[in-house]
Amino acid sequence: MRAALLQLSVSDDPAANLPVTVSMVREAVKGGAGFVLTPEVTNCLSSDRAHQRRVLRHEEADETLAALREEARAAGIWLLIGSLGLLTQDADGRFANRSFLIAPDGSVAARYDKIHMFDVDVSETEQYRESSGYRPGTRAVLAETPFAKIGLSVCYDVRFPQLYRRLAQAGAEILTVPAAFNDTTGAAHWESLLRARAIETGCFVLAPAQCGTHAAHNGKPRRTHGHSLAVAPWGEVLADGGTEPGVTFVDLDLSRVATARARVPSLSHDRPFEGP
């Protein structure tokens, strides 16, 4: 299977972002990809909650989701929409950060709502409270496809290895980690975390990312780290998307999953222990 990681630099305008994403999907298909992956918040990156309420839509009305489902159907590919910001019916008005796996017939094969919220103080001047706008998901998701079992996750989830261990022990062979990773923490931790998740689970890790400075009509522009990565089950980086928007291809040999797990079968070595 040839996969393609799309590295985007979206703004806070979903209508302007969509044509760029569609063009990249078509470029990936032209390059032979049968599995195409987009980053977190493919439709809109914004920290302005009022602006998000104006431009985001419910799942059934989201134009980005509808258009990308049609692209997958027309090309006959598997497409991971890394995530979309979506309105919900929640009483507190918070959004969903939802990942979608789209099948070659255009249907939604799996949905996953990001579980872990990015509530951090990167520095005295840089704080994030994702949970103020987005409500966390509560369920891990493993999707079965003809070419692999895929465990879904999003961005900050990567810091919680127990999620990936559960997915791998349930049968995952590929872990997806679409992200809009912070520029500061990305430089320090992004590659190390992704390689660790691959090594611990014996899975391929595919992590399409946002990059650069993101134009904002409302609110403060944000910077993301880029460096979309594909990591092999033994931990080596197979592809790095660098810091500019573009499409990165990687050919996946799923036999490498079984080989890595046979060499170090740690997924079957859990033991009970006490304390602390």
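For the chain, what % of the accessible area comes from carbon and sulfur atoms, probe 1.4 Å?
The nonpolar share, carbon plus sulfur, comes to 50 percent.
Under a point spin-label approximation (7 Å from Cα along Cα-to-Cβ), what is the residue 259-residue 240 distance to one decimal in nm?
2.2
Once whole DSSP H runs in the chain are found, which of them have Cα atoms spread over 20 Å or more along the helix axis and a mean Kyte-Doolittle score of at least -1.0?
14-30, 183-201
For a quick protection proxy, order the peptides 128-141, 180-193, 37-50 by their average other-Cβ count within 10 Å, most packed first.
Ranking the peptides 128-141, 180-193, 37-50 by packing returns 37-50, 180-193, 128-141.
Put a dot 7 Å past each Cα toward the Cβ at residue 129 and residue 159; how far apart are the dots in nm?
1.7
Between residue 30 and residue 142, what's the calculated FRET efficiency when r is the beta-carbon distance and R0 is 45 Å? Round to 0.05.
0.90
Starting from the alpha-carbon convex hull of the chain, give the projected area averaged over all orientations, in nm².
Computed as one quarter of the Cα hull surface, the answer is 14.8 nm².
For the stretch 1-137, what does the alpha-carbon gyration tensor say about shape, rounded, prolate or oblate, given a ≥ b ≥ c as the root eigenvalues, a/c under 1.5 as rounded, and a/b over b/c as prolate?
Prolate, since a/c reaches 1.5 and a/b exceeds b/c.
Subtract the Cα-Cα distance of residue 105 and residue 187 from 0.36 nm times their separation in residues, and report this length gain in nm to one decimal.
Full-extension gain reported as 25.7 nm.
In square angstrom, what is the accessible area per residue of the chain with a 1.4 angstrom probe?
Value returned for the chain: 43 Å² of accessible area per residue.
To the nearest 20 debye, what charge dipole does the stretch 1-126 have about its Cα centre, counting +1 at the Cβ of each Lys and Arg and -1 at the Cβ of each Asp and Glu?
Using Cβ point charges on Lys, Arg, Asp and Glu, the stretch 1-126 gives about 540 debye.
Roughly speaking, what is the stretch gain from residue 251 to residue 271, that is 0.36 nm per residue apart minus the C-alpha to C-alpha distance, in nm to one decimal?
Length difference between fully extended and current span is 3.7 nm.
Taking the Cα centre of each part, how many Å lie between the stretch 40-98 and the stretch 234-260?
Taking the Cα centre of each part, the stretch 40-98 and the stretch 234-260 sit 26 Å apart.
What does the extension gain come out to for residue 22 and residue 50, with contour length at 0.36 nm per residue minus their alpha carbon separation?
The span from residue 22 to residue 50 would gain 7.4 nm if fully extended.
The values are calculated or read from the model by the stated rules, or taken from the named source; none is laboratory data. Source: prediction; values computed, not measured. Cβ coordinates were reconstructed from backbone atoms using ideal geometry, including for glycine residues, and neighbour counts include every protein chain displayed. With ligands, DNA and RNA removed, areas are computed over all heavy atoms of the protein, side chains included. Shrake-Rupley method; radii C 1.70, N 1.55, O 1.52, S 1.80 Å.
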